[in-house]
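The structure appears right after this line, and notes come after that.
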Amino acid sequence: MPHRNRPNGKRSGADAKSQSLESFRAHADGEALRTNQGVTIADNQNTLRAGPRGPSLLEDFIMREKITHFDHERIPERIVHARGSAAHGVFRVYESQSELTRADFLQDPAKETPVYVRFSTVQGPRGSSDTVRDVRGFATKFYTEEGNFDLVGNNMPVFFIQDAIKFPDFVHAVKPEAPDEMPTGGTAHDTFWDFVSLVPESAHMVIWAMSDRAIPRSLRTMEGFGVHTFRFINGKGKARFIKWHWRPVLGSYSLLWDEAQKIAGKDPDFHRRDLWQAIERGDYPEFELGVQVIEESDEHAFGFDLLDPTKLIPEELVPVKIIGKMTLNRNPDNFFAETEQVAFHPGHIVPGIDFTNDPLLQGRLFSYTDTQISRLGGPNFHEIPINRPVCPFQNNQRDAMHRQTINVGQASYEPNSVSEGWPKETAPKDGGFESYQERMDGVKIRVRSESFADHFSQATLFYNSMSEPEKAHIQAAYAFELGKVTKPEIRERTVNEILANIDADLAANVAQALGLAKPKRGSKPGKPEPASSPALSLLNRGQPGIKTRKIAVLTAPGADAALLKQLRDAFAKEGATTLVVAPTLEPIGDIAPDATIAGMPSVMFDAVFVPGGEKATEALTQSGDALHFVLEAFKHLKAIGAIDTGRLVLAAAQLPDQAEGVATGDDADLKRVLKAFIETAAQHRVWSRAAQAQAVPA
Ligand code: HDE
């Protein structure tokens, strides 16, 4: 695959940030190997030693420099969100939002703002698997002409806790356990459930984490949320509350839990690879930016507090206004330099955007700079190429570890006369940042507002809004996770004091799975208003078509190469990617298989097609791996198609007769079968097959 974004390759989506990075890019092609001091190296194979078999000499500055640098290659990983993948892109507003905000990057549809987006899991270390059950980070740095604006959100619209002071407790509970550093990447352990069962404000976010949202199919198809309520301020000084949303243009989809667990072993980089390959192919991920806008006069119009980050605003109450689109069009050149060193901060805002008093957000405003000081080695991390604004950033800050800038001139203070007062302030009327003048009046007190007290209504709202398969997955997720908890009292507390307040059936079903007594009615049952919000169900968030889906054509030598090409073309016409998967890489006519069955099992695909051919069918029906491939695709509710003798492969796998979402026919039926197969694949999963699939062994 050509690397379109390699230094010597053709660069797609050139943008202001890309240009600003250019002076930092090191291109080694045609260059001599040298030390860091620029001395050319004659021998990079042998240490300087006393005689061919003698000891190495301390004098060998070349070996010492190389090994010293290597010894210090690692930096601390992020405390949370350590595992991440990122891409460059651009953002454009659809039309001027001047009525809502004076932010420059939201004014002109002709203006392209460069962005860098990093997606992440929360719990696991840098090398952990992508498809664990977890919240996903969705952090975007907009390099605007007025400075960097970071939208540091998640793929869920609420959070576990209401006050930042509880964050270290929460993170210590969710991270691998202190004595044995287990489990990696997941929440299925005692300390997480101990904490959340004792902290009812977490109930809403925990049910999101037990839902299919926590096992996304692709980073390209995740929604994103700013979580907190922020402010927009327009040029006249008028402020409104807003909530940020990202909407993937391709729609949102999830994995199944069995699938997610298997992928975690078969391809721990599943999401990273999917994002990278899509961009290399030119299937640029697109996300629309939306805002829910609330007039200040409506601050208290809801049954919950806008400052409470455990609450969302149902779209049925306040619609999401779509204002622009982001396109991710360029992979990074260097993972460490860009993805590892990028430093996001919810406090990086620009004129026209401001904070609210959400006590979780207020704490975050402290944490993000603070953490970079140890992670990136001092306060000059803003000078690292990926973090530098694209506009000038002169001020009187000086020195400190790793300073890159050579500040010229005598003045490093203000006011000064020696430099005629430069750099100077900018008045708000000329665009200088001015905090929103919110009236403040209060006693100094450590207290949680009464308006933050209802912890269950929105958890109930979320559960009520799910389709039947989603409800079943949530129940199974609680049962799975709590089944791994070793202390019975933690399981009981979760069922009786949390789940019973969310939904009686949910509590009863989880209790049954855990062998617990039927729970009593909850003491503070949730009473959502509205009762449900259809927009929350992932089944309502799909989009038509199979664009960028991955289809396996399961075959073997002897198959008709012309038919394989025909299938590839038919799927390509719909925007899908086809991989020919066979028992070995032996060519099939003039087609080289893309992968072996062992290398690319069915969990890596969205759908499977078996084109038949006598000799190929014979090989596949005798391969346990091939039969498992179709059976597993069936179990995971994927579209399956077969023509000609390909049907014998399905029969040999003992797929149930009359199976839903399985399109079959003779050679002559190819057109009809393909149409049915593509339509089924476009639904993402064949939910109506769920009962049949349950009987199939995993
Ligand atoms: Fe973060 N969070 N967080 N967080 N967070 C970090 O910053 C923190 C919270 C989020 O791709 C850290 O640079 C506190 C909510 C993302 O680099 C750290 C609190 C939301 C990322 C930190 C929260 C997030 C982070 C770790 C509670 C969704 C990854 C490394 C008050 C709205 C950004 C770093 C990236 C990273 C602190 C809660 C999102 C320690 C104290 C709520 C996407 O500073």
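So how do 492, 59 rank on accessible area, 1.4 Å probe, biggest first, that is with the largest at the start? Don't skip to the answer; put the middle values down first.
Details: 492 80, 59 125 Å².
Output order, biggest surface exposure first: 59, 492.
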Sequence neighbours fewer than 8 away in the same chain don't count; with that in mind, list the lysines whose C-alpha is under 28 Å from residue 671. 547, 550, 565, 573, 615, 635, 638
How many nm separate the modelled label positions at residue 297 and residue 672, each set 7 Å beyond the Cα in the direction of the Cβ? 6.3
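Under unit Cβ charges (Lys, Arg +1; Asp, Glu -1), what dipole magnitude, rounded to 20 debye, does the chain have relative to its Cα centre?
Numbers: 79 positive and 92 negative charges, 40 e Å.
It comes to approximately 200 debye.
So how many Å³ per residue does the convex hull of the Cα atoms of the range 457-540 work out to?
Numbers: hull volume 6.6 nm³, N = 84.
Given the Cα convex hull of the range 457-540, per-residue volume reads 79 Å³.
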How high is the FRET efficiency between residue 523 and residue 489 when r is their beta carbon distance and R₀ equals 22 Å, given to the nearest 0.05? 0.80
Compare the Cα positions of 139, 204, 172 along the charge dipole of the range 119-269 (+1 at Cβ of Lys, Arg; -1 at Cβ of Asp, Glu; about the Cα centre) and return the one farthest towards the positive end. 139
How much of the DSSP beta bridge set in the range 550-694 is antiparallel, as a percent to the nearest 5? 5
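Give me the dipole magnitude in Debye, nearest 20, for the range 447-564 about the Cα centre, with unit charges on the beta carbon: positive for Lys and Arg, negative for Asp and Glu.
On the way: 15 positive and 12 negative charges, 31 e Å.
Charge dipole of the range 447-564: 140 debye, to the nearest 20.
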Sorting 266, 471, 527 on solvent-accessible surface, 1.4 Å probe, most exposed first, gives 527, 266, 471
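Quick check on the chain: of the DSSP beta bridges with both residues there, what percent are antiparallel, nearest 5%? Mind showing how you got there, number by number?
Details: 58 of 76 bridges.
Around 75 percent antiparallel, to the nearest 5.
Between residue 24 and residue 61, what's the calculated FRET efficiency when r is the beta-carbon distance and R0 is 25 Å? Round to 0.05. Provide the component values of the computation, followed by the final result.
Working: r = 26 Å, r/R0 = 1.05.
Between residue 24 and residue 61 the formula returns 0.45.
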Which value, in Å² and to the nearest 10, is the accessible area of residue 401 when all protein chains are kept and the probe is 1.4 Å? 120
Choose one of 631, 584, 563: the residue whose Cα lies farthest towards the positive end of the charge dipole of the range 550-694 (beta-carbon charges +1 Lys, Arg; -1 Asp, Glu; about the Cα centre). 631
Please compute the per residue accessible area over the range 174-245 with all protein chains in place, 1.4 Å probe, rounded to a whole number of Å². 26
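What dipole magnitude, in Debye to the nearest 20, does the range 296-441 give about its Cα centre under +1 on Lys/Arg Cβ and -1 on Asp/Glu Cβ?
Working: 12 positive and 22 negative charges, 138 e Å.
Taking the Cα centre of the range 296-441 as origin, the dipole is about 660 debye.
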Kindly rank 619-626, 402-409 from highest to lowest mean number of other beta carbons found within 10 Å of each residue. 619-626, 402-409
Taking a straight Cα-to-Cα line shorter than 18 Å from residue 166, and setting aside same-chain lysines fewer than 8 residues away, one finds 175, 311
Among 19, 477, 230, whose Cα sits farthest toward the positive end of the charge dipole of the chain (+1 at Cβ of Lys/Arg, -1 at Cβ of Asp/Glu, about the Cα centre)? 19
Counting heavy atoms of the protein chains only and a 1.4 Å probe, report the per residue accessible area for the range 604-643 as a whole number of Å². 28
Based on DSSP H runs of at least 4 residues, each adding -39500 (n - 2.57), what is the mean residue ellipticity at 222 nm of the chain after dividing by all its residues, to the nearest 500 deg cm²/dmol? -7500 deg cm²/dmol
For residue 111, list the lysines whose Cα falls under 25 Å from its own Cα; do not include residues on the same chain fewer than 8 positions away. 10, 17, 141, 236, 238, 243, 321, 325, 429
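Would you mind telling me the share, in percent, of accessible area of the chain contributed by carbon and sulfur at probe 1.4 angstrom?
Answer for the chain is 52 percent, counting heavy atoms of protein chains only.
The values are calculated or read from the model by the stated rules, or taken from the named source; none is laboratory data. Everything numeric here is computed off the predicted structure, so don't read it as measured data. Note: ideal-geometry Cβ built from the backbone for every residue, glycine included; neighbour counts use all protein chains shown. Keep in mind that these areas ignore ligands, DNA and RNA; they rest on the heavy atoms of the full protein, side chains included. Shrake-Rupley method; radii C 1.70, N 1.55, O 1.52, S 1.80 Å.
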